[in-house]
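Here the structure comes first, spelled out in structure tokens, and everything after it is commentary.
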Amino acid sequence: IRVYASTGDPSNDPVNYSIEGRVDSSSSWVEISSGDFDSAWMSKTSLSPRNTLTPNPDIDSTRTEGDTSKSFGYANFQNDEWYLDYRVTFKRNRFDNGDEEYSEFVISELELPGYQGVASVIGPSTTLTSDGCNTNLGPNRGDAHLRDGQISNFACSRDQGAFPPELVLTQGDLSRVTGIRVYANTGPLSAEFLFADPITYSIEGRLGSNDDWELISEGPFNEVWFNGMITGPPPARNTFGEPIDSSYLEGDTTKSFGFATFENTVVYRDYRVIFPRLRRSPPIPDPQPIQYIQFIIAELELPGVLISSDPFPTLSPAHFPSDYSTFFPSDPPTTVLSSVSPTVTPSPTVTPSAPPVSPSEPPTVSPNLSPTGSPSLFPTVSRENTPVASVIGPSTSLETVGCNPNLASGPTRANRNLRDGKISDFQCSRNGAFPPKLILTQSSPSRVTGIRVYASTEDPSNDPVNYSIEGRVDSSS
């Protein structure tokens, strides 16, 4: 949460907040977080500057950072839940002792940084390749129909290759998927088209084309869709050409579709979707290739959260941290968190519902998942997540524990060789604690995602082959 200072009396600045959410108008409010704003904003000895209408009143902020050219108060907190509505309360204003009601609060802007879910993380710009589908399919024949936002049949007639057939969806942006929907094809209510409905799914993800696929979720679609022609009537067919009006929370309820929701805390770039079973009467639990003729769907949706820039510049899928406080060395607010247990296989439900959200992001994915704030909090670090070869450098202070101090104690000897950006030996002859430790202290926070040691110019028997790396927020932690 951020509040921008007004252009007038600072005594009307709110200094304490409470934010609540609810999933719809009939639900109760649930507290998300409450507490004071950052210490700089709270100061009674150095008042926050006033914002002005000139020369530029426009606010240029992002999810991760407020407009550093403006004066604002902020609070960062972890929230794992999704809501439709929010209620914000400012319990005290500046100089109020809390024992009496204040007459007014005045702010120039309120921001609630976060993430908004989308109906589908894939779209027309997503590249589709298939394995096991008839290779005559392509952008000019049916490829685009899978994700064009309208009812238009995509058919995969089984061919040589993978079984069951695989759909690989490749895109430029990262995302976190929390559900899957398939819309019924436009064919008549005949066996040919009904038997082409997928009734189970498997979805996997990866960050890069050289990474292994990781299972996100698998299982049946919702009960009504899954049991059509088994214990219930077959799902209705859709009408060709109609636009699909869906959201992150639910599919287009004027259309016929199957869905599944699941918890997922991991961000990926590419997805592989497989439909192991198709509708049959009587059902075939484990179909053989000869029994798997084709699947036909009018649209595929993967509801989730799009993340436009790489939040975790790592080489493997990154899980959301469970505690963001280490990224924000400031007074933490009181936070109320819900307990969510991640699962992989969804439980079928009868009507479309909101995909549950697992402990995460932002909710995924910059070096922090909550907004950063004060203009002076990270004065030398880009909060737009600039990856660097090494977060340490010549300006990093080095302290050794267990190394001979005559060898590694200062920049005039070998100290600087550890992090000077060139091949120059750093030697630690053991003297004291075992194993020796290197303590690297710097002025700005960072998020480390790897470690590299370059071979020395001398005896290879002295190469380290095992490591341990720890971190702390500050010297008192």
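Laid out as a table, the results:
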| quantity | calculated |
| --- | --- |
| Residue match in the range 51-74 (condition: closer than 22 Å to Phe105 by Cα, of a type outside the set (Lys, Arg), part of a helix (DSSP H, G or I) and open to solvent by less than 20 Å² (accessible area, probe 1.4 Å)) | no |
| Failed item, numbered, when Ile284 is tested on (1) within 20 Å of Pro188 (Cα to Cα); (2) touching a helix residue (DSSP H, G or I) at 6+ places or on another chain (Cβ under 9 Å) | (1) |
| Residue within the range 11-29 that is of a type in the set (Gly, Ala, Ser), more than 31 Å from the chain's Cα centre (by Cα) and open to solvent by 40 Å² or more (accessible area, probe 1.4 Å) present | no |
| Any pair with Cβ under 7 angstrom, 6 or more apart, that starts in the range 5-21 at a residue that is among the aliphatic types (A, V, I, L, M) and ends at one that is in a loop (DSSP other than H, G, I, E, B) and open to solvent by 30 Å² or more (accessible area, probe 1.4 Å) | Ala5/Pro49; Ala5/Arg50 |
| Condition met for Glu250 (farther than 30 Å from Asn210 by Cβ and either modelled with pLDDT of 95 or more or open to solvent by 10 Å² or more (accessible area, probe 1.4 Å) (or both)) | yes |
| Qualifying positions in the range 106-123 - more than 15 Å from the chain's Cα centre (by Cα) and outside any strand (DSSP E or B) | Val106, Leu112, Ala119, Ile122, Gly123 |
| Condition met for Gly219 (open to solvent by 10 Å² or more (accessible area, probe 1.4 Å) and assigned to a strand (DSSP E or B)) | yes |
| Any hit, the range 468-476, residues being at pLDDT below 80 and closer than 30 Å to Asp67 by Cβ | yes |
| Residues of the range 449-477 that turn out to be out of contact with any helix residue (DSSP H, G or I) (no Cβ under 9 Å at 6 or more places or on another chain), assigned to a loop (DSSP other than H, G, I, E, B) and loosely packed, with under 12 Cβ neighbours inside 10 Å, as a count | 20 |
| Whichever residue in the range 262-280 is over 20 Å from Pro165 (Cα atoms) and aromatic (Phe, Trp, Tyr) and, among such residues, is surrounded by the most Cβ atoms within 10 Å (Cβ to Cβ) | Tyr268 |
| Residue match in the range 206-213 (condition: open to solvent by less than 10 Å² (accessible area, probe 1.4 Å) and at pLDDT 90 or above) | no |
| Flag if Phe259 is open to solvent by less than 30 Å² (accessible area, probe 1.4 Å) and within 25 Å of the chain's Cα centre (by Cα) | yes |
| Filter result (among the hydroxyl-bearing types (Ser, Thr, Tyr) and either touching a strand residue (DSSP E or B) at 6+ places or on another chain (Cβ under 8 Å) or modelled with pLDDT of 80 or more (or both)) within the range 438-467 | Thr441, Ser446, Thr449, Tyr454, Ser456, Thr457, Ser461, Tyr467 |
| In the range 156-180, the residues that are open to solvent by less than 10 Å² (accessible area, probe 1.4 Å) and under 19 Å from Arg277 (Cβ atoms) | Cys156, Pro165, Leu167, Gly179, Ile180 |
| Every residue from the range 181-194 that is open to solvent by 40 Å² or more (accessible area, probe 1.4 Å) and of a type in the set (A, V, I, L, M) | Leu189, Ala191 |
| Qualifying residue in the range 437-448 (condition: farther than 22 Å from Ala389 by Cβ and among the β-branched types (Val, Ile, Thr)) | no |
| All positions within the range 140-152 that are open to solvent by 40 Å² or more (accessible area, probe 1.4 Å), closer than 25 Å to Ala236 by Cα and not aliphatic (A, V, I, L, M) | Arg141, His145, Asp148, Gln150 |
| Any hit, the range 225-235, residues being within 21 Å of Glu166 (Cβ to Cβ), open to solvent by less than 60 Å² (accessible area, probe 1.4 Å), of a type outside the set (Gly, Ala, Ser) and touching a helix residue (DSSP H, G or I) at 6+ places or on another chain (Cβ under 8 Å) | no |
| The listed residue being of a type in the set (S, T, N, Q) and either within 30 Å of Leu300 (Cα to Cα) or modelled with pLDDT under 90 (or both), out of Ser48, Ser108, Ser71 | Ser48 |
| Selection from the range 19-47 of residues that are over 15 Å from Ile107 (Cβ atoms) and part of a strand (DSSP E or B) | Glu20, Gly21, Arg22, Val30, Glu31, Ile32, Ser33, Ser34, Gly35, Asp36 |
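The values are calculated or read from the model by the stated rules, or taken from the named source; none is laboratory data. Only a predicted model underlies this, so the values are computations on that prediction, with no experimental measurement involved. Note that each Cβ is placed from the backbone with ideal geometry, even for glycine, and that neighbours are counted across all protein chains shown. Each accessible area value is taken on the protein alone, full model and side chains, heavy atoms only, with ligands, DNA and RNA left out. Shrake-Rupley method; radii C 1.70, N 1.55, O 1.52, S 1.80 Å.
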